[in-house]
Amino acid sequence: MTDCQGDGEGASTPMELYERLGAQGDKVRSLKSAKAEKAEVDAAVQLLLKLKIDYKQMMGQDYKAGCPPSEEAAAPDNGPAAEGDEDTVDPWNVSTTNAKGVDYEKLIVKFGSSKIDKELVDRIEKVCGQKPHRFLRRGVFFSHRDMHQVLDAYEKHKSFYLYTGRGPSSEAMHVGHLIPFIFTKWLQDVFDIPLVIQLTDDEKYLWKDLTVEECHRFAIENAKDIIACGFDLNKTFIFSDLDYMGASPEFYRNVVKIQKHVTFNQVKGIFGFTDSDCIGKISFPAIQAAPSFSNSFPQIFGSRSDIQCLIPCAIDQDPYFRMTRDVAPRIGYPKPALLHSTFFPALQGAQTKMSASDANSSIFLTDTPKQIKNKINKHAFSGGKDTVEEHRKYGGNPDVDVSFMYLTFFLEDDEQLEKIRQDYTSGALLTGELKKILIETLQPMIAQHQERRKGVTEDIVKQFMTPRPLNFNL
Ligand code: TRP
């Protein structure tokens, strides 16, 4: 994982890395006491920071001087390592060696999508007549396909529908899972359009070591958290694949049409399937593609197959929709348009997205105010300096600081956020103070979510999940 990159700094064992951290710390201290040039001190501090990040990534815990790594604490990472400088982004893996996170500009080029630039954000504002959501203002949604086309049509009174989804792999959802739903709810409100939400319980059964019943139960439980985001019952249909595939002949017809137009070679190329993957996985992409076509939902759209679909999703879902867009014209349907978001970083740093299986990697929607406080104070990776004196003198680095990153997602006030960024960079604001702002932002947000979720009864879930007409003008 920490292969040598140019500067010959590679350390292959935790002990080597630990020793280099010690040496680098000494170097920073001696440069400072010798009053070395600022640029030289900065460079040494930067390297120290980078080593700390490497250490945390390798060991899953912070570097502490005087606490060498123990023998049994081997690298926890058993996933495929990122090769060299390349970021890995596909539906199952997200990793990078860069503390600032994945290089999204590069990803736009690699995936062949388009950047959501200022012009597009201004245009969305003009067309919907509302201040753009903070996720647009701040580049959380950063990439798109065909959004201009959607807006052109909308301006000519040709409407569209929204499609998003979730793979219900456990009961526990964390704040990162809410990003696409918070944004989709905003889109539904400002454009006043119908929405379908796919819960891929079938996908999770195929990929994880879970029973069909468990996956279906997680779908229903996750639906409650999704509904708690405030979706309009009159405009929203939520479905579990395990239920809807068998209930809708129209949906299944589209699935087989898609299946007929994609070869094994193509899905191997797009998803990396191998000869030993089960055939359920190989055909699953057709099931995630089908909701992109309006006639998969006759109860909502009748037999119309020409209604444009817009899919807000995290960029790791793009491979599914590249495939969908490739198939669409060949089966006589419009290509879905897309809005892509960045990943929500783990508390431990932006190298990876959060994992629902590691309780300390994220803030869960079920966390108590105390748990939120403790997790942030203990685990949120800091871009601050080691001591208050150093921090006051050199300032913190908001670009790698997870608490700051979380605030860019959840703090609504742009001016306040900018002030925090400046004060943290200058050293006026300390790490503890920054964390306190985040804690006080998240505690009420999560508490309110829990309140709303409590109000979501089994009956309300059933209503959202019943195939039925929705209320809209297209
Ligand atoms: N495959 C997605 C996941 O594992 C779930 C999903 C299905 C989805 N359809 C979608 C996500 C459409 C975004 C948009 O989370």
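The values are calculated or read from the model by the stated rules, or taken from the named source; none is laboratory data. Being a predicted model, the structure only gives us computed values, none of them experimental. Using ideal geometry, Cβ is built from the backbone for each residue, glycine included, and neighbour counts are taken over all protein chains shown. These accessible areas exclude ligands, DNA and RNA; they are computed on the full protein's heavy atoms, side chains included. Shrake-Rupley method; radii C 1.70, N 1.55, O 1.52, S 1.80 Å.
Subtract the Cα-Cα distance of Glu458 and Lys156 from 0.36 nm times their separation in residues, and report this length gain in nm to one decimal.
Full extension from Glu458 to Lys156 adds 104.7 nm.
How about the stretch 318-418: which GluC sites (Glu not before Pro) there lie in a loop by DSSP and see at most 11 other Cβ atoms within 10 Å?
Glu412
Give me the distance in nm between label points sitting 7 Å out from Cα along the Cα-to-Cβ direction at Glu418 and Ser303, one decimal.
5.6 nm
Could you grab the relative contact order for the stretch 97-348? Cα pairs under 8 Å, six or more apart, rounded to a whole percent.
Dividing the mean separation by the residue count of the stretch 97-348 yields 22 percent.
Enumerate the aspartates and glutamates that Lys27 could reach by cross-link, defined here as Cα to Cα under 12 Å, with residues fewer than 8 away along the same chain left out.
Within the straight-line cut-off, Lys27 pairs with Glu40, Asp42.
Calculate the all-directions average of the projected area of the chain's alpha-carbon convex hull, and give it in nm².
Answer in nm², one decimal: 23.5.
7 Å from Cα along Cα→Cβ at both Ser170 and Trp92: what's the point-to-point distance in nm?
The two pseudo-label positions are separated by 1.8 nm.
Can you work out the FRET efficiency for the pair Asp243 and Phe410, with r the C-beta to C-beta distance and R0 = 45 Å, to the nearest 0.05?
0.85
By DSSP, what percent of the beta bridges with both residues in the chain are antiparallel, rounded to the nearest 5?
Taking every DSSP beta bridge with both residues in the chain, the antiparallel ones total about 40 percent.
In deg cm²/dmol, rounded to 500, what helix-only [θ] at 222 nm does the chain give when every DSSP H run of at least 4 residues adds -39500 (n - 2.57) and the total is split over its residues?
-15500 deg cm²/dmol
Residues in the stretch 378-393, backbone N under 20 Å from the label point at Ala428 (7 Å along the Cα-to-beta-carbon vector): list them, ranges by number please.
383-385, 388-393
For Ala314, list long-range residues whose amide hydrogen, built 1.01 Å from N in the peptide plane, is under 5 Å from its own amide hydrogen.
Here the answer is Ser341, since their amide H atoms fall under 5 Å of that of Ala314.
Against the longest alpha carbon principal axis of the chain, how many degrees, from 0 to 90 and to the nearest 10, is the axis of helix 249-260 turned?
The answer is roughly 60 degrees.
In whole Hz, what ³J(HN,Hα) sequence does the stretch 438-448 give by Karplus (6.51, -1.76, 1.60; θ = phi - 60°), x for Gly and Pro?
Each residue of the stretch 438-448 in turn: 5, 4, 6, 7, 7, 3, x, 5, 6, 4, 5 Hz.
Which percent of the accessible heavy-atom area of the chain goes to carbon and sulfur, probe 1.4 angstrom?
51 percent
Send over a whole-number figure in Å² for the accessible area per residue of the chain, probe 1.4 Å.
45 Å²
Loop-only check: which trypsin sites (Lys or Arg not before Pro) in the stretch 255-284 are DSSP coil with at most 14 other Cβ within 10 angstrom?
Here no trypsin sites (Lys or Arg not before Pro) fit, given the DSSP loop and packing criteria.
In whole angstrom, and with the biggest value first, how far do the Cα coordinates of the stretch 14-59 range along each principal axis?
33, 15, 9
In the structure shown, do any of Lys50/Lys393; Lys126/Lys204; Lys115/Lys385 have a Cα-Cα gap over 29 Å, and if so which?
Table pairs above 29 Å Cα-Cα are Lys126/Lys204; Lys115/Lys385.
Largest first and in whole Å, what are the equivalent-ellipsoid semi-axes of the stretch 97-348 based on the Cα gyration tensor, each being the root of 5 times an eigenvalue?
26, 22, 20
Which stretch or stretches of the stretch 415-452 have amide N atoms under 15 Å from the point lying 7 Å from Asp42's Cα along the Cα→Cβ direction?
425-427
Please report, for the Cα atoms of the stretch 302-349, the Rg to one decimal and the Dmax as a whole number; what are they, in angstrom?
14.2, 48
Rounded to the nearest 0.05, what FRET efficiency do Lys131 and Gln259 give with R0 = 45 Å and r taken as the Cβ-Cβ distance? Could you check?
0.55
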